[in-house]
Amino acid sequence: TTVLPACVLGNMAPIIPLLFLLRNERLKKLMSPILNRAEKKSASLGVVSVEKQWASLAAFVGIPLPGTGAWTGAMGAFLLGMPTAVALSSIFTGVCSAGIIVSAITMAGKKGGLAALAALAIFTGKEFFSGKSKQDFLEADPYWDQKTVPTNTYKNKAPFTGKVISTKRIVGPQATGETCHIVIDHEGKFPYWEGQSWGVAPPGTREKDGKPHSVRLYSIASSRYGDDMTGNTGSLCVRRATYWCPELKADDPAKKGICSNFLCDTQPGSKVMMTGPAGKAMLLPEEDPTTDY
C-alpha cells in the first residue's frame with residue numbers, strides 16, 4: 001500500500017515537465033539522439049485515432065520491460081503529437097499497470113503476473129477490436145464503377161470543419177525546408193477516393209481587401225480508409241512555404257505561405273475548414289480485366 005503509490009508518483013513526477021520541455025527547440029536538438037531512439041521504439045504506436053494512440057501508449061508503458069517506461073512513452077507521445085492531457089492519462093495508466101504487474105509477480109509469482117498482463121491486454125485491446133472487421137466497406141460495386149465518386153460534397157459557402165488528430169514533421173533535421181504529415185478527423189462525413197484533393201480555407205482575412213483567404217487545394221495523401229483504416233480520417237502531406245529574402249538574408253515572414261504554415265502549425269484539436277473533395281479519381285476502366293493498355 002505504500003511502495004506502489006510511491007513508485008507511481010516517482011515515475012510520473014518528471015513526466016509533466018518533460019512533456020512541456022520537449023517543446024523547446026534547443027532542448028529538442030540537444031536530445032535528438034534520445035528522441036531518435038524513442039521514435040524507433042514507439043513507431044509501433046502508429047498514426048491512428050487519439051483513442052487508439054491512448055490505448056497503444058498505455059499498453060506500451062504498462063509492459064515492464066527495459067525501454068518501455070514512462071520516459072520513452074512521454075517522448076513517443078510528443079513525437080506523435082498527442083494532446084498533453086491525453087498523453088498524461090495514458091502514461092499514468094501504463095505506469096499503474098506496470099506497477100500492478102510487478103506487484104502481482106512479487107506476491108503471486110508467474111501466474112499472478114500473467115493474470116495482470118492479461119487484464120492489461122483486455123483493457124487496452126478493446127479499442128482495436130471494436131472497429132469494422134472487413135476493410136472493403138468504402139469500395140464501389142462493381143469496384144471499377146466511378147459513378148459513385150464523391151465530388152464537391154462541401155463548398156466554399158458551406159465548408160466542412162475537420163479536427164486535427166496529429167501533426168508531425170516527416171523530414172530529417174538537415175532537410176531543406178519542412179514537410180508535415182497532418183491527420184484530420186472527418187468522422188466519416190467527408191468520403192473521398194484516392195487521387196482527389198481537399199480544399200483548405202486558412203483562417204483570417206487578406207490584408208489588401210479584408211476578404212477571407214481563398215481556398216487552397218491539397219492532394220489527399222491517404223487512401224479512402226485513412227491512416228487508421230476506419231474511413232473516418234484523411235491525411236495531408238504539406239511542405240511549409242517560405243521565402244528567403246536575399247537582402248534580409250533570412251526568411252521574410254511577410255511572404256510566407258499562409259495556408260501551408262497554418263497547416264504545419266496546427267496542433268491536435270485544431271479546427272480546419274475544408275471543401276471538396278475535388279477532382280475525379282484517375283482510374284483505368286477495368287470492367288474488362290483482360291484489356292491490354
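Quick rundown of the values:
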quantity: Too-long pairs where the Cα-Cα distance tops 19 Å, listed order kept, from LYS208/LYS249; LYS155/LYS271; LYS147/LYS280; LYS163/LYS255; LYS157/LYS255; LYS163/LYS280; calculated: LYS208/LYS249; LYS163/LYS255; LYS157/LYS255; LYS163/LYS280
quantity: Gain upon complete extension [VAL3, LYS271; 0.36 nm per residue less C-alpha separation]; calculated: 92.1 nm
quantity: Region 146-293: mean projected area of Cα convex hull, nm²; calculated: 12.4
quantity: Distance in nm between pseudo-label sites at ALA13 and GLN146 (7 Å out along the Cβ direction from Cα); calculated: 6.4
quantity: Accessible area of region 153-224 belonging to carbon and sulfur atoms, whole % at 1.4 Å probe; calculated: 51
quantity: Rounded to 5, percent antiparallel among DSSP beta bridges of region 148-213; calculated: 100
quantity: Heavy-atom accessible area per residue - region 148-293, 1.4 Å, Å²; calculated: 58
quantity: Under Karplus coefficients 6.51, -1.76 and 1.60, residue-wise ³J(HN,Hα) of region 206-221 in Hz, glycine/proline x; calculated: 6, 5, 6, 9, x, 7, x, 4, 6, 6, 10, 8, 10, 5, 6, 8
quantity: Karplus-derived 3J(HN,Hα), 6.51/-1.76/1.60, for each residue of region 223-233, Hz, glycine and proline x; calculated: 6, 4, 8, x, 6, 9, 6, 9, x, 10, 9
quantity: Peptide ranges 229-236, 197-204, 55-62 listed from the most packed, as the mean C-beta count within 10 angstrom indicates; calculated: 55-62, 229-236, 197-204
quantity: Dipole in debye (nearest 20) - region 155-231, about Cα centre, beta carbon charges: Lys, Arg +1; Asp, Glu -1; calculated: 340
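The values are calculated or read from the model by the stated rules, or taken from the named source; none is laboratory data. Since the model is a prediction, treat every value here as computed from it, not as a measurement. For neighbour counting, all protein chains shown are included, and Cβ atoms are generated from backbone atoms with ideal geometry for every residue, glycine included. These accessible areas exclude ligands, DNA and RNA; they are computed on the full protein's heavy atoms, side chains included. Shrake-Rupley method; radii C 1.70, N 1.55, O 1.52, S 1.80 Å.
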